[in-house]
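Quick notes on the structure that follows.
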Amino acid sequence: MDKEELRNLGLSKWDKLKDAIKKGDGEEALSLVDVLQDGVVKLGNANIDWIDMLLTVLAEQEGEEAVYQMVKAHDARFRRRLWRGVSVDAFNAEAEQRLETLCDILTVAHGLEVNVSEDEEKFVLSFPCDTGARLIARGDCGKTERGHPWSHGEEGFCYYCSHCVVSWEMAMINAHGYPAWIPLPPKQPGEYCTILMYKDPEAIPEKYYRMLGKSKGKEN
């Protein structure tokens, strides 16, 4: 290879995409988008598989309580950071802001298409989750052998999905008295993930607190 070919091999494809857009080369830009999307998806899947394996081995060697401690420790560290310049505590905002922020996470960070519907009490989001639901569809992910508050009291609950329960339900209840939203992972391979986001926290049914081992309206 000549020097130009070697230099070109090492160029960032993100920079190549920007250059193609600036030059108005739509065909090249679209081709690069496909390449980059494929790479991002493959890397993301590999990282999720790695986390699933780590949590599974941790449970096997140290017991399932260690999974909860790991996920809780991750949540505590995450809350000291910002997500795209937005404090995690901003999820204790009006429902419309919580909805916009969550949809931003799902459509930007995950690149998903999300079905959003609304009734008088709540917003309902449904989507083909690319993380936990993908692990569940794979059929061999780590799952709880018994029910825990961090698994909605269910056995057979995907270890990876527990981070949504810990972060957006349990931690938010402890901090603000109610969950930011209620994630309901799929029960069977191929099903969509569902998230319930109540407009008025007082309208959240008691059952969603009970499955976390908590009581609505009481200090937890």
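Numbers at a glance
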| item | result |
| --- | --- |
| With 10 Å bins from 0: P(r) over the stretch 1-62, alpha-carbon pairs, percent | 19, 29, 24, 15, 11, 2 |
| Acute angle (nearest 10 degrees) that the helix 95-104 long axis makes with the longest principal axis of the chain, alpha-carbon atoms | 40 |
| Computed [θ] at 222 nm, deg cm²/dmol, the chain (DSSP H ≥ 4; -39,500 (n - 2.57); rounded to nearest 500) | -14000 deg cm²/dmol |
| Separation of the Lys3 and Glu27 label points, Cα + 7 Å toward Cβ, nm | 3.1 |
| Extension gain, Ala46 back to Glu60 (0.36 nm per residue minus Cα-Cα distance, nm) | 2.9 nm |
| Packing rank of 97-108, 33-44, where each peptide gets the mean count of other beta carbons within 10 Å, highest leading | 97-108, 33-44 |
| Three-way shape call for the stretch 64-220 based on the alpha-carbon gyration tensor, with the a/c threshold at 1.5 | rounded |
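Read-outs throughout are calculated quantities, based only on the coordinates presented, and are distinct from any laboratory measurement. Predicted model only: the values in this text are computed from it and were never measured. Here the Cβ is made from the backbone with ideal geometry for all residues, glycine too, and neighbour counts use every protein chain on show.
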